[in-house]
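*Asks:* One structure is given below, represented as structure tokens, and several questions about it will come after.
Laboratory data are not the source of any read-out in this text; all were calculated from the coordinates shown. Computed from a predicted model, the values in this text were never measured in an experiment. Positions of Cβ are generated from backbone atoms using ideal geometry, with glycine treated the same way; all protein chains shown enter the neighbour counts.
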Amino acid sequence: MVLISRPPSLLRPLRLKRLPNQSSLRLFTQNHPLLLITRTSSPRPQLPYLSQPSRNAFASRQTARFLTTENKNYVKEQVWLAAKWSAIGWSFFFLGVVALYGINQEVLERKTPSPDEWSFFSRNHFRCANAAVKPDHEYTDWAQVATEFRRCLERLENPDIDGKGTSPLVPGMDDIRGINPSAFDISEKSYAWKEGY
């Protein structure tokens, strides 16, 4: 048996000569990308297949996984549809409330008519006060009735609102301790205005 020896240059791979300023590469001390994704507070390396994932990271990964391009478009479309139908629904609801209020005011106006010369809010207070009086079968909240009539009278006796052309019967009465006059001269007003007053 003949032993053939190889030349020494083929026994070992060629190693490049290092420059003096070049540090040696020690692979076992380098951080692997799998080790970088774990928390650095742990003294031991945490490999992903050995450690339990945190809930937040798992949830964010699951969310990112589920939100594909098609899913994102679907979500945008559904949000747009929800916003559109919500706006339409609330618009119909608001318009229904306004219509119901108008119908209620018309019914009250037919029961207890108020003068056309009065402003909307004066007529509204007058109608609400008359509607609060329930003579037959229900409890009447007289405090509410008095409040609504008082608000109506304040507007009718205010010269800036509905009391144009009225004058106090006793001049200078409003200067006494801030008391409003108790009686007004309404002779210049129309018959319907006087009847309502």
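*Asks:* Give me the net charge of residue 144's neighbourhood, meaning all other residues with Cβ under 12 Å from the Cβ of residue 144; Lys, Arg count +1, Asp, Glu -1.
*Replies:* +1
*Asks:* Summing +1 for each Lys or Arg and -1 for each Asp or Glu, what net charge is found among the other residues whose Cβ lies under 15 Å from the Cβ of residue 129?
*Replies:* Counting the neighbours of residue 129, the net charge comes to +3.
*Asks:* Something else: With a 10 Å Cβ neighbour count serving as the proxy for reagent exposure, in which order, fewest first, do 127, 110 appear?
*Replies:* 110, 127
*Asks:* Under a 5 Å amide H to amide H cut-off, with H placed in plane at 1.01 Å, what residues pair with residue 167 once short-range neighbours are removed?
*Replies:* 185
*Asks:* Let me ask something else. Using the count of nearby Cβ atoms within 10 Å as a rough guide to exposure, how do 157, 195, 109, 70 rank from fewest to most? List each step's numbers first, then the result.
*Replies:* Details: 157 19, 195 11, 109 15, 70 8.
Neighbour counts put them in this order, fewest first: 70, 195, 109, 157.
*Asks:* With 10 angstrom as the radius, rank 187, 122 by how many other C-beta atoms surround their C-beta, starting from the fewest. Walk me through the numbers before you get to the answer.
*Replies:* Numbers: 187 9, 122 23.
Least crowded to most crowded, the residues run 187, 122.
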